[in-house]
Amino acid sequence: MPERNIEFGKYGARGIKGFEAVARQLDALAGYIATPVTARRGLLARLHYLTRSTHARDAARAAGLTVTDRTLRAWQAGTRTPSRRNLAAIEQAYRTVRRENVARYLLARLNREGRGTRVEIHPVNQSQVDRPRQRAVEFRTMNVRRWDRIVGAWAAGNEQELDEAWVDQVVDLGSQWGQYEYVTNVGFAA
């Protein structure tokens, strides 16, 4: 894959890696709590999600939220407020647990019993690239039928595996797959 060594953005093209765009779209489908963790309502909603059952508390501890039950109760009661570091840990644990909980549902929804999901790939923005250096890269659509590796890597937070899984799907574009390693957006409606 020699195309993966190209200096992206050297002439002013703007975009992100394809797997990052897919991760953003999967995050949007996961339906996270909209209120930020810094607001009292957002904090309480996340703490409720992470402590509503024994399984949820165990998953939160496995995701890195390592505070005592007494501290959690104090945060929920409002007698103590978490530090910035603890707020970041709460947010990270919430996102990790939410991804794990939603992954099975998203996988079934995206695979659609083998029919797959139509994916739109929006090419990089070349408006800042000089005219002679611009490439003709068009908007593409493709049907992704195997989401197992993509969703599994997303749920685990493994960016390298997600990149490899996404590139394996984009290879179906033939000789143009290298042009879609960087994109402005990847959209799919599942």
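Throughout, read-outs are computed from the coordinates displayed, never taken from laboratory work. Model, not experiment: these values are computed from the prediction. As a convention, Cβ positions derive from the backbone with ideal geometry for all residues, glycine included, and neighbour counts pool all protein chains shown.
Based on the alpha-carbon set only, what is the convex hull volume of the chain divided per residue, in Å³? Let's see the in-between values first.
Values: hull volume 26.4 nm³, N = 190.
Looking at the chain, the number lands at 139 Å³ per residue.
For the range 118-190, which GluC sites (Glu not before Pro) are both in a DSSP coil and crowded by at most 15 other Cβ atoms within 10 Å? Don't jump to the answer; show the numbers that get you there.
On the way: sites: E120, E138, E159, E161, E164, E181; in loops: E138, E181.
Qualifying residues, ordered by number: E138.
With an 8 Å cut-off on Cα pairs and a minimum separation of 6 or more residues, tell me the relative contact order of the range 1-137 in percent.
On the way: 85 pairs, mean separation 48.8, N = 137.
Relative CO of the range 1-137 lands at 36 percent.
From the Cα gyration tensor of the range 81-190, with a ≥ b ≥ c the square roots of its eigenvalues, which class applies: rounded if a/c is under 1.5, or else prolate if a/b is larger than b/c, or else oblate?
Working: a/c = 2.70, a/b = 1.43, b/c = 1.89.
Taking the square roots of the gyration eigenvalues as a ≥ b ≥ c, the range 81-190 is oblate.
Near Q126, within a Cβ-to-Cβ distance under 14 Å, what is the net charge of the other residues, with Lys and Arg +1 and Asp and Glu -1?
Numbers: positive: K10, R14, R131, R133, R135; negative: D130, E138.
Residues near Q126 contribute +3 overall.
Name the residue from A21, A60, Q176 whose Cα lies farthest towards the positive end of the charge dipole of the chain, charges +1 on Cβ of Lys and Arg and -1 on Cβ of Asp and Glu.
Comparing the listed Cα positions along the dipole, A60 ranks first.
Connecting C-alpha atoms closer than 10 Å in a GNM of the chain, tell me which of A103, A74, A93 has the biggest fluctuation.
A74
Identify which of G31, G42, G78 has the largest mean-square fluctuation in a Gaussian network model of the chain, with springs joining Cα atoms closer than 10 Å.
G78
What is the dipole size for the chain, taken about its Cα centre, with +1 at each Lys and Arg Cβ and -1 at each Asp and Glu Cβ, in debye to the nearest 20? Before the final figure, lay out the partial values.
On the way: 31 positive and 20 negative charges, 203 e Å.
Magnitude of the dipole: close to 980 debye.
Taking θ as phi - 60°, what are the ³J(HN,Hα) couplings along the range 124-136 by the Karplus curve (6.51, -1.76, 1.60), each to the nearest whole Hz, with x for Gly and Pro?
4, 7, 10, 5, 8, 8, 4, 3, x, 9, 5, 10, 7
For the range 125-190, what class follows from the C-alpha gyration tensor (a ≥ b ≥ c being the square roots of its eigenvalues): rounded when a/c is under 1.5, otherwise prolate if a/b is larger than b/c, else oblate?
On the way: a/c = 2.26, a/b = 1.95, b/c = 1.16.
Prolate, since a/c reaches 1.5 and a/b exceeds b/c.
Would you mind classifying the range 51-128 by shape? Square roots of the alpha carbon gyration tensor eigenvalues, ordered a ≥ b ≥ c; an a/c under 1.5 is rounded, otherwise it is prolate if a/b is larger than b/c and oblate if not. Working shown, then result.
Values: a/c = 4.22, a/b = 1.76, b/c = 2.40.
Taking the square roots of the gyration eigenvalues as a ≥ b ≥ c, the range 51-128 is oblate.
Which of R135, R118, R46 ends up with the largest GNM mean-square fluctuation for the chain, with Cα atoms connected below 10 Å?
Sorting by GNM fluctuation, first place goes to R135.
Using modelled amide H (1.01 Å from N, peptide plane; none on Pro or chain starts), what sits under 5 Å from the amide H of V124, excluding residues fewer than 5 places away?
HN-HN under 5 Å from V124: T184.
Around A108, what is the net charge, scoring Lys/Arg as +1 and Asp/Glu as -1 over all other residues with Cβ under 12 Å from its Cβ?
On the way: positive: R104, R109, R112, R115; negative: E113, D148.
Spelling it out: positives minus negatives among the neighbours equals +2.
Can you give the calculated 222 nm mean residue ellipticity of the chain, where each DSSP H run of n ≥ 4 adds -39,500 (n - 2.57) and the sum is split over every residue, rounded to the nearest 500 deg cm²/dmol? Mind dumping the intermediate values first?
Numbers: 7 runs with 92 residues, N = 190.
It comes out at -15500 deg cm²/dmol, rounded to the nearest 500.
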